[in-house]
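Student: Questions regarding the structure given below will be posed in turn.
The values are calculated or read from the model by the stated rules, or taken from the named source; none is laboratory data. Small disclaimer: the values here were computed from a predicted structure and weren't measured. All Cβ positions, glycine included, derive from the backbone under ideal geometry; neighbour counts span all protein chains shown.
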Amino acid sequence: MALGESFPEVLAAARLGAEWAWRALHRELAPQAAGYLRARGAEAPEDLTAEVFLRLLVAIRDLHRFEGGEAELRAFAFTIAHHRLLDDRRSRRRRPEVLTGAEELGAGGPRGDAEAEAVESLRTREIRRLIDGLSPDQREVLLLRIVGGLNAEEVAAATGRGAWAVRALQRRGLLALRKKIALQAVQL
């Protein structure tokens, strides 16, 4: 987070319900949380991000014993995001999907720059394909470390693993990605 020395003031104001403080926390944490949820394959990452911040709001207001700096709050937010993602997946497995008809899809009309969207979609799809090739544990650790910006101890706390296990999963995941990228470059 980039709140720096103003973090204690922002946290204190957020505990009291100051809207400006929540906007500041949201501005710092939401893009990373949404990126983590998106990269983990959440079906509705924006909705889950909103739920994460609702739970964070309740926790900070109700848990006045929360102590720590920006890093601890980030770890706390990603722990909530991780658990909310697991809850969402369990819930979706119990509910059948409802497919949308072609008429409804076409009713939305054009969304913007088609070329830019297509290039971004290809880039995202390629990154997603590479990450999806990792083991679930490696994928989870790398996303929390890279997208979430958490250190090994914070990832360990969020996932219930030891810090040494997080470091080992990160190392193996990065090696696997490096090999896949090298193989892809050779094939081109």
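Student: Given the criteria closer than 25 Å to ALA152 by Cβ and at pLDDT below 85, does LEU37 qualify? It would help to see each step written out before you state the result.
Tutor: Numbers: closer than 25 Å to ALA152 by Cβ: yes; at pLDDT below 85: no.
So LEU37 does not fit the description; no.
Student: If you don't mind, another one. If I go through region 1-29 residue by residue, how many of them are of a type in the set (Gly, Ala, Ser), out of contact with any Leu (no Cβ under 8 Å at 6 or more places or on another chain) and buried (at least 17 other Cβ atoms within 10 Å of the Cβ)?
Tutor: As a first pass, look at region 1-29 and keep what is of a type in the set (Gly, Ala, Ser): 2, 4, 6, 12-14, 17-18, 21, 24.
Retained after the next criterion (residues that are out of contact with any Leu (no Cβ under 8 Å at 6 or more places or on another chain)): 2, 4, 6, 12-13, 17-18.
Right, trim to buried (at least 17 other Cβ atoms within 10 Å of the Cβ) and you get 13.
Number satisfying all stated conditions: 1.
Student: Sticking with this one: Could you count how many residues in region 162-182 are in a helix (DSSP H, G or I) and over 18 Å from ARG128 (Cβ atoms)?
Tutor: 12
Student: Would you confirm, using the coordinates I've provided, whether ALA14 is in contact with a Phe, Trp or Tyr (Cβ under 6 Å, 6 or more places away or on another chain), at pLDDT below 85 and not basic (Lys, Arg)?
Tutor: Taking the combined requirement at face value, the residue satisfies it.
Student: A follow-up question, please. Go through region 5-26 and report how many residues are without any contact (Cβ under 8 Å) to a residue 24 or more places away in the chain and either part of a loop (DSSP other than H, G, I, E, B) or within 15 Å of GLY149 (Cα to Cα) (or both).
Tutor: So the answer is 2.
Student: Somewhere in region 139-152, is a residue at positive phi and modelled with pLDDT of 85 or more?
Tutor: Scanning region 139-152 turns up no residue that is at positive phi and modelled with pLDDT of 85 or more.
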